[in-house]
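One structure below.
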Amino acid sequence: MTHNFDRDVDWEIITTGDRLEQVAREIQAQRRFCWDTETSGRAIWFGSRIVGHSFAWRPPGKPRACYIPCRHMALETELFQDLQQLAPEVVARVLKPILEGPQVKIGHNLRFDMHHASADGINVQPPYADTIVACKLIDERWWSYALDACVRHSKVPHEDGWKQQLKPQIADKAKRMGGSPKAWVAKYGYQYLTIPVVGRYAAQDATYNLWLAEWAVPQQRAWGRIWNMEMALLQVLVDMERIGVPIDQSVLIEIADREKAHMADLAPRIYGLANCEWELTNDNATRKVLFGKLGYEPVGKTPGGDPSVDDDALWNLEMQGKEIAKLLRKWNVCQKIVSTYTLAIVEQCDPHGILHTEIDQMGAKTGRVSSRNPNLQNIPIRTELGRQVRRAFIARPGKVRACIDYSQIELRMIAHLTQDPLLLKIYRENLDAHSISAIEAFGTDQVVNGVDMRRIGKILNFGTSFGMTADGLLGNTNKDLPVGAVPVTRPQAEQFVAQFHAKYKGVQQYKNYLCYQVSAAGGQFRDLFGRPRHMGDGYAIGAPGWKRRAEERATMASMVQGSTASLVKFSMVAVWRYMREQQICEADMVLMIHDDCQFDILAEGSEKLIPELRRVMEQTCQANLSVPIKCDVEWFDTHWGDKKKLK
């Protein structure tokens, strides 16, 4: 029988205090329930608040759901709209014991709802069950993890198109108030939509998410410790997002103004070389100029088959002596600085100058934490630009920022996974594998003609470990070398690959074994901590050789990076718990950028606490690895660009 929500679910909109109290007692009697919020915008940092709560639960008999409106509003032209609802403070008082109680709270992107609940004085407590995380653990290859996409994948009962029922009202309001429907929702949320329509939609959201959880969460038995760790990490990330980091916005505005002037200087020079003008941000237009009007030979293709104009393609053209490609690369860098690293950060700071970046718990398929709005992972690390942007990230008054970074953690993971005797020896004797490679390949690990040879050794180590060819190594080592620097030659790259495999025989042996196992398992495997991974179709019978080789490189990289990501996450949970229990001094975890965990620590007491934090991070997963885990510590009390090594 086709699912009909009104027939199959006992749902209601609650508008009286007595009924709210009755339903609250019913929900509180459940072992688990689904909870969702509708809001007046996207982020509480800019004033967004809850306009209604929805719940779904499964008592004996029919499934139950409800919507509790509390902050809906009407436009001045809608004087007769029914706004019968409860006061926000009444709703918060009644729901607080439920959301802070011992029942399992099911949600889809729970952190969003938890942040909004905190603005009403509700500190949502574990246990949690976030269905986005569960679905990403089930299959990290889905194109979308929006609730409706996950529901379709799971095949739980639902009404097709239930997510579309608000669109007519949204389009009408956007037309009357100005702006596109998408921009209107981002600004106003659902506060101006009618309660009956939002109520049914929200009750469906909660119900279908409950059913999705009933399908997805039981599968966590196969995920080992990963599921419990990911749910514990929810609260860690909520705290980090809430605390945020202070930003000196004047530094970023100054950089943006300078780069805009540079762009204005570059554009006419580019147009002059092409003898025409076009929108430089338009890839299709750039493609037509370079490969049509100017007749250059394409050096790569997009997934859609068009000639590529990404940075690698432009760099290859630059190496062929095409001056316009060189200038386009410079213009693109300036444009990215303005749009991504400066003004975008300024626009996303709250009224107090605090940046609350959104941390994506499983932003990469490997499970690695990433960030967006803005993406702080992409801030250049070693360039002058990166140093300038980092000057804007300042310490809080009276506090120091400790940056604790895992040392060579991925290569240590390779040493453990492969059990290569020489790699094990290097790390057990506290040697530096990157310096060793640089010295063996180039005779030094120092800076030569502006090139950090140890960094080149690092690129060579990781690239070769994951199966990169000599061509791949050349592209990664020679790109954007300083003027006067001597590039790595093809014979050098080929010799390094041969020497690496001869020296670290265990790495290639492990890769061969891993790929054989993954191929036999239909492209599936689990990382060191049990996180499931699903590779592509490169292992299929009849797959071309190039595709199989690419899949094998991706498999090795996924095993190493996924295992490392899990290790870092376990460490984040452990160090967060330690900070809550320790009594040395006040401290907060505020940022996680790649393998670098950053803490704001009260200056008085930081000398005692920082070594303890490093100890916790080093020891959390030490029992899982057969080589020592080491962390490097840097700190600053001014700005990030002025960080110093801890003595």
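Each residue of the range 581-586 is assigned a 3J(HN,Hα), and the resulting list reads 9, 5, 10, 6, 6, 5 Hz, derived from the Karplus form 6.51 cos²θ - 1.76 cosθ + 1.60 (θ = phi - 60°), x at Gly and Pro. For the range 384-529, a/c is not less than 1.5, where a ≥ b ≥ c are the root eigenvalues of the C-alpha gyration tensor, and a/b does not top b/c. That puts it in the oblate class.
Cα convex hull, the range 262-384: 150 Å³ per residue, rounded to a whole number. Separation of the alpha carbons by more than 22 angstrom is noted, of K175/K336; K505/K547; K399/K608; K288/K322; K105/K187; K301/K326, for K175/K336; K505/K547; K105/K187. Taking Cα atoms only, the orientation of helix 167-177 departs from the longest principal axis of the chain by about 80 degrees.
Loop-located trypsin sites (Lys or Arg not before Pro) across the range 529-595 with a Cβ neighbour count of 12 or fewer within 10 Å are lacking, with loop assigned by DSSP. Annotation: peptides 39-51, 607-619, ranked by per-residue average of other Cβ atoms within 10 Å with the highest first, follow the order 39-51, 607-619.
Taken as Cα centroids, the range 514-552 and the range 86-126 sit 42 Å apart, rounded to the nearest whole angstrom.
The modelled label-to-label distance between D18 and E254, using points 7 Å beyond Cα along the C-beta direction, is 6.6 nm.
Share of pairwise Cα-Cα distances greater than 20 Å in the range 513-647 is 57 percent (whole percent).
What Kirkwood radius, in Å to one decimal, follows from the Cα pairs of the range 57-160? With all distinct Cα pairs of the range 57-160 included, I get 16.6 Å.
Where does the range 461-574 land on Rg(C-alpha)/(2.2 N^0.38 Å)? Numbers along the way, then the final one.
Working: Rg = 16.5 Å, N = 114, 2.2 N^0.38 = 13.3 Å.
So the Cα radius of gyration is 1.24 times the expected 2.2 N^0.38 Å.
Couplings 3J(HN,Hα) of the range 276-284, computed from phi: 6, 10, 7, 6, 5, 7, 8, 4, 5 Hz, in residue order, whole Hz [Karplus 6.51 cos²θ - 1.76 cosθ + 1.60, θ = phi - 60°; x for Gly and Pro].
Computed over protein heavy atoms with a 1.4 Å probe, the carbon and sulfur contribution to the accessible area of the chain reaches 51%. Taking only protein heavy atoms and a 1.4 Å probe, what accessible area per residue, in Å², does the chain have with all protein chains in place? Per residue, the chain has an accessible area of 45 Å². Taking one equal scatterer on every alpha-carbon of the range 225-304, how large is log10 of I(q)/I(0) by Debye at q = 0.14, 0.18 1/Å? Computed log10 I(q)/I(0) values: -0.75, -0.84.
Let me know the shape class of the chain, please: from the alpha-carbon gyration tensor, a ≥ b ≥ c as square roots of the eigenvalues, rounded when a/c is under 1.5, otherwise prolate if a/b is greater than b/c, or oblate. Prolate shape, in that a/c is at least 1.5 and a/b is the bigger ratio.
Farthest towards the positive end of the charge dipole of the range 80-186, among the residues A119, A186, V94, is the Cα of A186, using unit charges on the Cβ of Lys, Arg, Asp and Glu.
My understanding is that a pair violates if its Cα-Cα distance is over 22 Å; which of K458/K479; K96/K163; K425/K630 do that in this structure? Those over the limit are K96/K163. In this simple spin-label model, placing a label point 7 Å from the Cα along the Cα-to-Cβ direction at both D283 and R31 gives a separation of 4.9 nm.
Between D360 and S370, S371, R372, the built amide H atoms are under 5 Å apart, and every one of these is 5 or more places off in sequence or on another chain. Amide hydrogen proximity for L591: with H placed 1.01 Å from N in the peptide plane, the residues at 5 or more positions away or on another chain lying under 5 Å are Q598. Here the range 338-451 has an Rg and Dmax of 19.0, 55 Å, counting Cα atoms alone.
Which far-off residues, 5 or more places away or on another chain, put their amide H under 5 Å from the one on C631, with H placed in the peptide plane? For C631, whose amide H was placed from the backbone, the distant partners under 5 Å are S407.
Residue-wise HN-Hα couplings along the range 139-153, as the Karplus relation 6.51 cos²θ - 1.76 cosθ + 1.60 with θ = phi - 60° gives them from phi, are 7, 7, 9, 4, 6, 8, 10, 4, 4, 5, 5, 5, 4, 5, 4 Hz; Gly and Pro carry x.
In the chain, the calculated helix contribution to ellipticity at 222 nm averages -15000 deg cm²/dmol per residue, counting -39,500 (n - 2.57) for every DSSP H run with n ≥ 4.
The values are calculated or read from the model by the stated rules, or taken from the named source; none is laboratory data. This is a predicted model, so every value here is computed, not measured. Don't worry about glycine lacking a Cβ; one is built from the backbone with ideal geometry, like all the others, and counts go over all protein chains shown. All accessible areas refer to the heavy atoms of the entire protein, side chains included, with ligands and DNA or RNA removed. Shrake-Rupley method; radii C 1.70, N 1.55, O 1.52, S 1.80 Å.
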